Amino acid sequence: MNINLEQEKKSLEEKISNLKSRLAPMQKELNELSDRLIHINALMPVKHGMHVSAPDNKPEHGIWARLCRENNWPVKGDNPHRVVRRKDPQLHSSIPHYCKIDGKMYP
């Protein structure tokens, strides 16, 4: 009986190892696609022509906080605008606004 258990154990370990090696590339692709989707979702208001900035070039109320929530970036008493700028500079610079932090107007 121990021989059968040893054989089954070895067979299961081989199958698990095989599955893990096949799963790793798919997991990597899933993570990359999920990250890209989060980024695209954050840009959607800009893509659909909704105004992210008011006429005075101040971002629409809550845009920075919304981006932090959607990306699971903790604010912890910091300014959500600074958090977005620090965590994803490319996303920050893609949102039309005047940035008081670095004194620039973004597209």
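Please go through region 42-76 and pick out each residue that is loosely packed, with under 11 Cβ neighbours inside 10 Å and modelled with pLDDT of 90 or more.
Within region 42-76, ASN72, PRO74, LYS76 meet the criteria.
Being assigned to a helix (DSSP H, G or I) and either touching a Leu at 6+ places or on another chain (Cβ under 9 Å) or surrounded by 12 or more Cβ atoms within 10 Å (Cβ to Cβ) (or both) is the filter here, so list the residues in region 77-93 that pass it.
Once the filter is applied, which keeps residues that are assigned to a helix (DSSP H, G or I) and either touching a Leu at 6+ places or on another chain (Cβ under 9 Å) or surrounded by 12 or more Cβ atoms within 10 Å (Cβ to Cβ) (or both), region 77-93 yields PRO80, HIS81, ARG82, VAL83, VAL84, ARG85, ARG86, LYS87, LEU91, HIS92, SER93.
The values are calculated or read from the model by the stated rules, or taken from the named source; none is laboratory data. Only a predicted model underlies this, so the values are computations on that prediction, with no experimental measurement involved. Cβ atoms come from the backbone with ideal geometry, glycine included; neighbour counts cover every protein chain shown.
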